[in-house]
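K.L.:
Please read through the structure below; I'll follow up with questions.
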Amino acid sequence: MMAHPDLLEGYVIELPLRRPFVTSFGEERTKRGLLLRLVAGDVEGWGECVAGMGPWFSSETVETAQHVIRAFGVPLLRQQRWPSPGEVQARLAPIRGHPMAKAALEAAVLDLACRARGIRLSQELGGTRDEVEAGVSLGIEATLDELLGEVDAAVEQGYRRVKLKIKPGWDVGPVEAVRRRHPDLPLSVDANAAYRLEDVAHLKKLDDFGLMMIEQPLCFDDLVGHAQLAGKLQTPLCLDESITSPHRAWEALEIGACAIINIKQGRVGGPAAAVAIHDLARSRDVPVWCGGMLETGLGRALNVALATLPGFTLPGDISATERYWKEDVAKPHFVLTERGTVVVPQEDGLGVKVDRSCLKEMCVDRWTEKL
Ligand code: OSB
Ligand code: MG
């Protein structure tokens with residue numbers, strides 16, 4: 001059994017992106033993040049919180065997550081026997097909402113437990129592969145030429161799937177241009193909730209381009225609207241923002257709101273919830289893939305571990321470190337193989353090491369909670 005950890009540290013970090021990332025909900029130039037370090041004797045476990053700088057993708061932010069973790073999460077964890085990773089979700093259940101805050105705590109507990117037992121995280125989660133298919137998510141660009149340059153580069157590098165961010169005014173035109181230039185490229189689009197059901201006639205034009213899926217076209221909490229839209233389009237719908245828990249995934253599948261699920265462990269409340277959604281989808285032959293939140297190598301390592309589960313049958317938003325920033329807090333950096341995959345690190349736990357000097361450089365605030 002896991003010894004009771006000694007302390008939890010939080011590191012607020014800022015990391016400039018190589019290229020501004022523009023979506024229908026905003027623009028990000030510098031990633032602001034929160035890393036958790038859980039310490040038990042001479043073993044440590046790391047968890048990355050995927051909440052953003054502002055409440056634009058979901059209602060959580062780095063600040064709300066820190067508050068919930070420190071004021072409510074830590075007291076629930078330390079008040080009884082230290083939980084196993086599988087018990088964290090139940091222990092934190094009194095906290096309504098705040099899935100990304102809870103997920104970060106669970107991720108740190110999970111990494112610590114795996115490192116203490118000397119096993120890889122992918123093993124613990126039930127993974128069955130040692131490399132995962134990599135895709136890229138390309139933001140909205142100022143010009144079509146810039147977008148085509150980005151697509152060409154991703155194809156040249158060997159990514160297995162390209163996802164284009166779309167919004168009203170940046171959709172059919174760019175998709176048509178990319179498709180004409182790359183007729184066989186596995187291609188998808190992600191609207192980040194920028195459309196309404198009334199836009200169906202416009203969205204229907206996307207049916208001409210052989211897209212693998214349209215991700216989250218409608219409002220973040222609109223399952224019924226997505227079910228209605230799904231009946232009117234040929235292109236499969238994938239949900240991201242709407243799937244905030246295993247129960248919500250069940251509801252979406254029951255009413256036909258999506259044919260594919262983008263699993264982000266932070267959005268759904270942690271690794272155990274992510275595995276539960278994977279299992280549910282697999283039992284219904286619904287493909288899933290691993291989404292991304294511009295994570296550092298710590299969060300990326302968790303995504304890679306999750307994507308080794310057998311139901312992750314589509315390439316994920318798991319790209320090489322160099323696409324995001326020059327230097328990452330986690331070493332070694334993730335690289336793209338010539339097979340268009342990212343290899344699972346072989347070390348214990350997340351399998352990556354935290355570069356202390358790099359962490360110090362990007363850290364803008366830190367705190368400690370005794371356990
Ligand atoms: O909608 O999938 C999304 C990044 C931040 C917030 C939401 C999304 C994304 C991405 C980037 O698409 C995925 C990545 O490469 O990490
Ligand atoms: Mg998305």
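K.L.:
Give me the net charge of LEU138's neighbourhood, meaning all other residues with Cβ under 9 Å from the Cβ of LEU138; Lys, Arg count +1, Asp, Glu -1.
P.N.:
Its environment carries a net charge of 0.
K.L.:
Computing the accessible area with a 1.4 Å probe over protein heavy atoms, can you report the carbon and sulfur percentage for region 123-343?
P.N.:
51 percent
K.L.:
Grab the beta carbon distance between PHE72 and HIS182, set R0 = 41 Å, and tell me the FRET efficiency rounded to 0.05.
P.N.:
The computed FRET efficiency comes out at 0.30.
K.L.:
Length gain on complete extension for the stretch LEU371 to ARG18, per 0.36 nm per residue less the alpha carbon to alpha carbon distance?
P.N.:
So the chain would gain 123.3 nm between LEU371 and ARG18.
K.L.:
Net charge near GLY41: determine it from the other residues with C-beta under 12 Å of the C-beta of GLY41, scoring Lys and Arg +1 and Asp and Glu -1.
P.N.:
-2
K.L.:
Tell me the mean residue ellipticity at 222 nm calculated for the chain from its helices only (DSSP H runs of n ≥ 4, each -39500 (n - 2.57), averaged over every residue, nearest 500).
P.N.:
The helix-only estimate for the chain comes to -9000 deg cm²/dmol at 222 nm.
K.L.:
What helices in the chain pass both tests, a Cα length along the helix axis of 24 Å or more and a mean Kyte hydropathy of -1.0 or higher, using whole DSSP H runs?
P.N.:
Span-like helices, by this rule, are 99-117.
K.L.:
Continuing with the same structure: With contacts defined as alpha carbon pairs under 8 Å and 6 or more residues apart, what's the relative contact order of region 306-348 in percent?
P.N.:
Once normalised by length, the contact order is 29 percent.
K.L.:
Let me ask you something else. Using θ = phi - 60° and the Karplus curve 6.51 cos²θ - 1.76 cosθ + 1.60, what whole-Hz ³J(HN,Hα) does each residue of region 331-336 get, with Gly and Pro shown as x?
P.N.:
10, x, 5, 7, 10, 8
K.L.:
Go through 218-226, 102-110 and give me the packing order, highest mean Cβ count within 10 Å leading.
P.N.:
The peptides rank, most packed first, as 102-110, 218-226.
K.L.:
Would you mind calculating the relative contact order of the chain from Cα pairs under 8 angstrom and at least 6 residues apart, reporting the percent as a whole number?
P.N.:
22 percent
K.L.:
So how strong a dipole does region 123-343 carry about its Cα centre when Lys and Arg Cβ are +1 and Asp and Glu Cβ are -1, to the nearest 20 debye?
P.N.:
Roughly 220 debye, rounded to the nearest 20.
K.L.:
In addition: Going toward the positive end of the dipole of the chain, with +1 on Lys and Arg Cβ and -1 on Asp and Glu Cβ, which of PRO85, ALA301, CYS49 do you reach last?
P.N.:
Value computed over the given set: PRO85.
K.L.:
A follow-up question, please. Please figure out what share of the DSSP beta bridges in region 199-356 is antiparallel and state it in percent, rounded to the nearest 5.
P.N.:
The antiparallel fraction comes to roughly 20 percent.
K.L.:
A 27 angstrom limit on the alpha carbon distance is what I want to check against. Which of LYS167/LYS353; LYS102/LYS167; LYS165/LYS326; LYS31/LYS360 exceed it?
P.N.:
Listed pairs above 27 Å: LYS167/LYS353; LYS102/LYS167.
K.L.:
Related question: Taking K and R as +1 and D and E as -1, what net charge do the other residues with C-beta under 13 Å from the C-beta of ARG129 add up to?
P.N.:
Residues close to ARG129 contribute a combined charge of -1.
K.L.:
While we're looking at this one, here's another question. Is the shape of region 113-166 rounded, prolate or oblate, going by the alpha carbon gyration tensor and its root eigenvalues a ≥ b ≥ c, with a/c under 1.5 for rounded and a/b larger than b/c for prolate?
P.N.:
Prolate.
K.L.:
Peptides 284-291, 305-312: what's the order by average Cβ count within 10 Å, highest mean first?
P.N.:
Going by the mean number of other Cβ atoms within 10 Å, highest first, we get 305-312, 284-291.
K.L.:
Which Rg and Dmax, in Å, describe the Cα atoms of the chain?
P.N.:
Looking at the chain, its Cα Rg and Dmax stand at 19.7, 60 Å.
K.L.:
What shape does region 140-223 take by its C-alpha gyration tensor, where a ≥ b ≥ c are the square roots of the eigenvalues and a/c under 1.5 counts as rounded, a/b above b/c as prolate, and the rest as oblate?
P.N.:
Prolate is the answer for region 140-223, as a/c is 1.5 or above and a/b outweighs b/c.
K.L.:
Oh, and also: Which peptide among 298-304, 158-164, 124-130, 350-356 comes first, and what is the full order, when sorted by highest mean count of other Cβ atoms within 10 Å?
P.N.:
298-304, 158-164, 350-356, 124-130
K.L.:
I want the antiparallel fraction of DSSP beta bridges within the chain, as a percent rounded to 5.
P.N.:
Here the share of antiparallel DSSP bridges comes out near 60 percent.
K.L.:
Give me the Kirkwood hydrodynamic radius of region 123-343, using the inverse of the mean 1/r over all pairs of distinct Cα atoms, in Å to one decimal.
P.N.:
17.6 Å
K.L.:
For the chain, give the magnitude of the charge dipole about the Cα centre (Cβ charges: +1 Lys/Arg, -1 Asp/Glu; no others), in debye to the nearest 20.
P.N.:
560 debye
The values are calculated or read from the model by the stated rules, or taken from the named source; none is laboratory data. The shown structure was predicted, so the numbers you read here are calculated from the model rather than taken from an experiment. Every residue, glycine as well, gets a Cβ built from its backbone with ideal geometry; the counts of neighbours run over all protein chains shown. What goes into the accessible areas is simple: the full protein's heavy atoms, side chains included, and nothing from ligands, DNA or RNA. Shrake-Rupley method; radii C 1.70, N 1.55, O 1.52, S 1.80 Å.
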